[in-house]
1. Output the residues belonging to the stretch 195-219 that are of a type in the set (D, E, K, R) and either surrounded by 18 or more Cβ atoms within 10 Å (Cβ to Cβ) or assigned to a loop (DSSP other than H, G, I, E, B) (or both).
2. Going through the stretch 241-281 one residue at a time, which ones are touching a helix residue (DSSP H, G or I) at 6+ places or on another chain (Cβ under 9 Å) and free of Cβ contacts under 8 Å to residues at least 12 places away in the same chain?
3. Of the conditions (1) more than 24 Å from Arg245 (Cβ to Cβ); (2) crowded, with 16+ Cβ neighbours inside 10 Å; (3) more than 15 Å from the chain's Cα centre (by Cα); (4) in contact (Cβ under 8 Å) with a residue 24 or more places away in the chain, Met103 clears all except one; give me its number.
4. When you scan the stretch 220-287 for helices (runs of 4 or more DSSP H) that lie fully inside it, which ones turn up with 2 or more residues that are in contact with a His (Cβ under 9 Å, 6 or more places away or on another chain) and hydrophobic (A, V, I, L, M, F, W, C)?
5. What do you reckon, is Leu172 crowded, with 21+ Cβ neighbours inside 10 Å and either outside any helix (DSSP H, G or I) or not small (Gly, Ala, Ser) (or both)?
6. How many of the residues making up the stretch 194-207 are touching a residue at least 12 places away in the same chain (Cβ under 8 Å) and either in contact with a Pro (Cβ under 7 Å, 6 or more places away or on another chain) or not hydrophobic (A, V, I, L, M, F, W, C) (or both)?
7. Six or more apart or on different chains, Cβ under 7 Å: which pairs go from a residue in the stretch 145-165 that's part of a helix (DSSP H, G or I) to one that's of a type in the set (Lys, Arg) and surrounded by fewer than 22 Cβ atoms within 10 Å (Cβ to Cβ)? Could you list them?
8. What are the pairs, 6+ residues apart or on separate chains, where a residue within the stretch 229-240 that is free of Cβ contacts under 8 Å to residues at least 40 places away in the same chain has its Cβ under 7 Å from a residue that is of a type in the set (D, E, K, R)?
Amino acid sequence: MALTLCTCSMPSLLLLICSTNLICAFEMKSIYCKISDSCDCDFSPNMRGLEWDLYKNLYGQHLAQEIMSEAVSDFLRKDSPDRPLVLSFHGASGTGKSLVSSMLGRHLYGSAMGSPYIHQFVPTLHFPIPERVQLYRLHLKRWIEGNLTTCARSIFIFDEMEKMPLGLIDVLEPFLGPSHVVFQTNYRKAIYIFISTAGEEVINRVTLEARLSGREREEIRLQELEEGITQAVFNNTNSGLYHSRIISEKLITRYVPFLPLCHHHVERCARRDLCQRGECHRTDVAMAVANAMSYTPADGKHFSSTGCKMVPAKVNLYL
């Protein structure tokens, strides 16, 4: 009898179910991955490309550039890492958090977010009803387990962590530690990214204090921010990581702060957007876009209120 392969949908978080006379492609892949440590899944890391992309296209974020280059490089250098790479991105909207996630996908799998081994979760889409958190926990655990069995090099991105139902994300705890084999695969090769605005007050305050004291932006070090970010996220009732064991058990590999952006950073974002449209010469538009943004604090107007988030819309307006 011929075998029929059924396809399995990712975003819905539905459980994978195949009828008795069908063999799901997922299950066949799982059999292979039980005896293979690599699970051939199109993983083709390009660290030079990632580092160049961070340098060229991420503006005003020397800490993110340094931490990402070091953390990803160190992780990929190990054939058998002792634990997954867990990165927690923090900062105001429009400062580059999602951009860096896309860069990671592009330089590890050759596509910004299109690889079947890169999984992105948005709370308002995938976990919209807080009262169903226990059901979401069950589905998310099985989803992570199944995709790790399919590909040990899977990337999981959890966006808008400040909107994540409380208690949901801790279901990941068993996947993030240093155990050798869980669910019959080497799950320590996976990468997890949490994206959140939680902690932005700490980041913005330290950045403003540095500016007012006459320090160069690039002099700000992670040590000035890390403890404050950790406490702000752990104690924030609006954070999906509120009192999370992921934090208390120190399962986050690196915290990645994204600093608020200045006028000249916004102008560079506008220039990049214009170049993508074939309008590199329109420096007048780039300047107009930067000038049109709102800046904080009110008495100093040092930082863009929305980072570069509104730049494409403003470029449309001024072209």
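The values are calculated or read from the model by the stated rules, or taken from the named source; none is laboratory data. None of these values were measured; they are calculated from a predicted model. Here Cβ is always computed from backbone atoms with ideal geometry, including for glycine, and neighbour counts include all displayed protein chains.
1. The initial filter retains those residues of the stretch 195-219 that are of a type in the set (D, E, K, R), namely 200-201, 205, 209, 211, 215-219.
Result: Glu200, Arg215, Glu216.
2. Looking only at the stretch 241-281, we keep the residues that are touching a helix residue (DSSP H, G or I) at 6+ places or on another chain (Cβ under 9 Å), and these are 241-249, 251-274, 277, 279-281.
Result: His243, Cys280, His281.
3. (3)
4. Values: elements: 226-234, 245-248, 263-276.
Qualifying helices (runs of 4 or more DSSP H): 226-234.
5. Values: crowded, with 21+ Cβ neighbours inside 10 Å: yes; either outside any helix (DSSP H, G or I) or not small (Gly, Ala, Ser) (or both): yes.
Yes.
6. The initial filter retains those residues of the stretch 194-207 that are touching a residue at least 12 places away in the same chain (Cβ under 8 Å), namely 194-204, 206-207.
Going one step further and asking which of them are either in contact with a Pro (Cβ under 7 Å, 6 or more places away or on another chain) or not hydrophobic (A, V, I, L, M, F, W, C) (or both), we end up with 196-197, 199-201, 203-204, 207.
Going through the stretch 194-207 one residue at a time, the tally reaches 8.
7. Thr150/Lys29
8. That search, which allows pairs on different chains as well, returns Ala232/Glu201.
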